[in-house]
Amino acid sequence: MANRYISGCYVIDTTDTQIGGPNATGGVKGNLYIRAIKWVATNARAIADAHKLTIKWKDSNGDIVIACDAQLAALTGSVVYSVEFGGDPWIVPGLFIDDIDGGELTIFLA
């Protein structure tokens, strides 16, 4: 597949992807208002043992804000990482997907 932005939802499967911020590669430019983030194994993009997900604050020079490793291979449809922000969204000036070894990262915007 390929990265896509569909009405308030990013689906990312490619390393070195800028979302939000002034230099977004597609979708929303500027601040992101995030309701939830999920890293999911799919038929097209499996998640194997030791696969990594690394997300940086703002851009490629930012600090790492999310870093996780899969401990076991994930079955299709399995959520390996998930965070929800409840009533108030997480507001960030952008995110940079530094590593995504497998699966798809879905970011739900408010």
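The values are calculated or read from the model by the stated rules, or taken from the named source; none is laboratory data. Remember, predicted model here, so these are calculated numbers, not experimental data. Don't worry about glycine lacking a Cβ; one is built from the backbone with ideal geometry, like all the others, and counts go over all protein chains shown.
Here are a few things to note about the model shown:
- Count of the range 87-109 residues which are assigned to a loop (DSSP other than H, G, I, E, B) and more than 20 Å from Val40 (Cα to Cα): 5
- Residue match in the range 13-22 (condition: farther than 14 Å from Gly94 by Cα and charged (D, E, K, R)): yes
- In the range 41-76, of all residues being among the β-branched types (Val, Ile, Thr) and in a strand (DSSP E or B), the one that is farthest from Val92 (Cα to Cα) corresponds to Ile47.
- Summed over the range 36-45, the residues that are more than 12 Å from the chain's Cα centre (by Cα) and either under 23 Å from Gly86 (Cβ atoms) or buried (at least 16 other Cβ atoms within 10 Å of the Cβ) (or both) give a count of 3.
- Qualifying residues in the range 12-33 (those that are under 21 Å from Ser78 (Cα atoms) and buried (at least 17 other Cβ atoms within 10 Å of the Cβ)) - the one nearest to the chain's Cα centre (by Cα): Ile12
- Evaluating Ser7 against the criteria (1) under 23 Å from Gly87 (Cα atoms); (2) at pLDDT below 95; (3) buried (at least 16 other Cβ atoms within 10 Å of the Cβ) leaves one unmet condition, (3).
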